[in-house]
1. Looking at the range 193-252, I'd like the Rg to Rh ratio, where Rg is from alpha-carbon atoms and Rh is Kirkwood's inverse mean 1/r.
2. Is there a pair in Lys48/Lys351; Lys326/Lys375; Lys299/Lys330; Lys307/Lys361 whose C-alpha atoms are over 32 Å apart, and which pairs would that be?
3. By the scheme Lys and Arg +1, Asp and Glu -1, what is the net charge of all other residues having a beta-carbon under 12 Å from that of Asp31?
4. Would you work out the relative contact order for the chain, in percent, from Cα pairs under 8 angstrom that are 6 or more residues apart?
5. Calculate how large, on average over all directions, the projected area of the Cα convex hull of the chain is; give the answer in nm² to one decimal.
6. Between beta-carbons, use under 12 Å as the cut-off and find the net charge around Met1, counting Lys and Arg +1, Asp and Glu -1.
7. Using the basic label-point model (7 angstrom from Cα toward the beta carbon), what is the Asn237 to Ser324 distance in nanometres?
8. Is the range 295-373 rounded, prolate or oblate when judged by the Cα gyration tensor, a ≥ b ≥ c being the square roots of its eigenvalues, rounded requiring a/c under 1.5 and prolate requiring a/b larger than b/c?
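Here, each number is a calculation from the coordinates, and none is a lab measurement. Please read all numbers here as calculations on a predicted model, not as lab measurements. Quick reminder, even Gly has a Cβ in these numbers, built from the backbone with ideal geometry, and neighbours come from all protein chains shown.
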Amino acid sequence: MKRKLVREALSSGELLGNKIKVGGWIRTRRDSKGGFSFLELNDGSCLKNLQIIAHEHLPNYRDELLKLHPGASIIAEGSLVESPAAGQSVELEADSIQVLGFCDPLEYPLGKSRISFERLREIAHLRARTNTFGAIARLRNVLADATHRFFQGRGFLYFHAPIITSSDCEGAGEMFQVTHLDLENPPRDPESGKVDYKKDFFGKATKLTVSGQLEAETYACALGNVYTFGPTFRAENSNTARHLAEFWMIEPEMAFADLQDDADLAEDYLRYLFQDILERCPEDLKFFNERIEKGLLDKLENLAEAKFTRISYTEAIKLLEKNSDKFTFKPHWGIDLQSEHERYLSEQLFKGPVIVMDYPKEIKAFYMRLNDDNKTVAAMDVLLPQVGEIIGGSQREERLELLEARIRETGMLPEDYWWYCDLRRFGSVPHAGFGLGFERMVRFCSGMANIRDVIPFPRTPQSAEF
Ligand code: 4AD
Ligand code: MG
């Protein structure tokens, strides 16, 4: 007999009255005086458990089934029948229960009592077996699938950006080095005494990518619209609830597009994600709404229909200056917006998502298109209540001289970006794109307080267990 999922057993009326087989991990066992036990079985296919009735006449009842504790794995076969108990529609009357793996309750860390999220991070290899982390995993999965469906539905091509790279996309120098050299005794250039990367694996110094954008631009400038969805790495020493050293990013890039097109795409994509999870994850979202963030469902429902406010950086600064007393970091033209400013704009002033555009060029990356005022660039950040920046994007500088000048201004060499500059030499076109931090989105949609709890194995300063 082929195994059915608990989700199928609980949801499809078709299985009622049939013999089925299920497999999973015990959440609880309750022994009744009437000569049988209730086993709550979870297989991760949904939040709910399937109740299994184990009668004492089962041959292994006394020797095995009475030794089943939370965490033990079983396969059960039996009839799916209507349940007389409140709170569940069906239950499984077992004909046989095969124990695959016992679980010692004295050693198993996930007993009945509640465990803090901090503690669960230390046992991240087991935390997917809890309700919260099961729900996060399913939400992540739907958000990832919705991402592909959104872009595929619009004819975007899925582009696989390299992970190892020699260029620093954001020019911030916050990259992890990739090397094959013996760090205890690296080869050195005899004259300068510096490490000789010509002798390294790739013949030059290489890093883990901070963004797939530069490479995505090469494909956009040949194939039109593309998107990446892959891991990115940042060696920023930020110990916050919204920074990871390894996170996943979705980066669409569109040829023949400007900043307004970019903002339109960002809005449509975000609304699509909110609508899609509301439709496809109702049970898990209800759980988050009850357990993690009160009002989460209302928030998501509003955002699925929300109008986004678009304002310029200059206007935003004026508004923030009027409320200067509310901030620790005083706003004035030229500063990078701080989280407190971003949140104030979306939570207090506009009470919804805000797209801030046209930032001072000094605080943004070299590839952004210079505006006619010569002071600002065609950049945009999408801000959401609670989390602040969720998306960063821009129209790219497609004019060769201006791009080369900006590269020099930021202390880099155009030669090092020769292939990127070539796109401006050979049939340059206006183009634009953005990056959405996937974990920031999962965090926002689940209400989880810390970004470390929405990725299976978080990498943060001083922490890379597992
Ligand atoms: O604003 P960022 O740095 O933009 C880029 O990397 C561009 N190359 C994107 C593009 O135009 N194709 O990062 C984009 C998003 C941020 O808005 C944020 O959501 C997320 O990536 N992000 C992080 N998420 C988790 N941990 C970190 N350390 C993050 N840094 C950025
Ligand atoms: Mg940014």
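1. 1.11
2. Cα-Cα > 32 Å for Lys48/Lys351; rest within.
3. Taking every Cβ under 12 Å from that of Asp31, the sum is +4.
4. 13 percent
5. Numbers: hull surface 113.1 nm².
Computing the convex hull of the Cα atoms and averaging its projections yields 28.3 nm².
6. Neighbourhood net charge equals +3.
7. Label-label distance for Asn237 and Ser324, simple model: 3.2 nm.
8. Working: a/c = 2.36, a/b = 1.42, b/c = 1.66.
Taking the square roots of the gyration eigenvalues as a ≥ b ≥ c, the range 295-373 is oblate.
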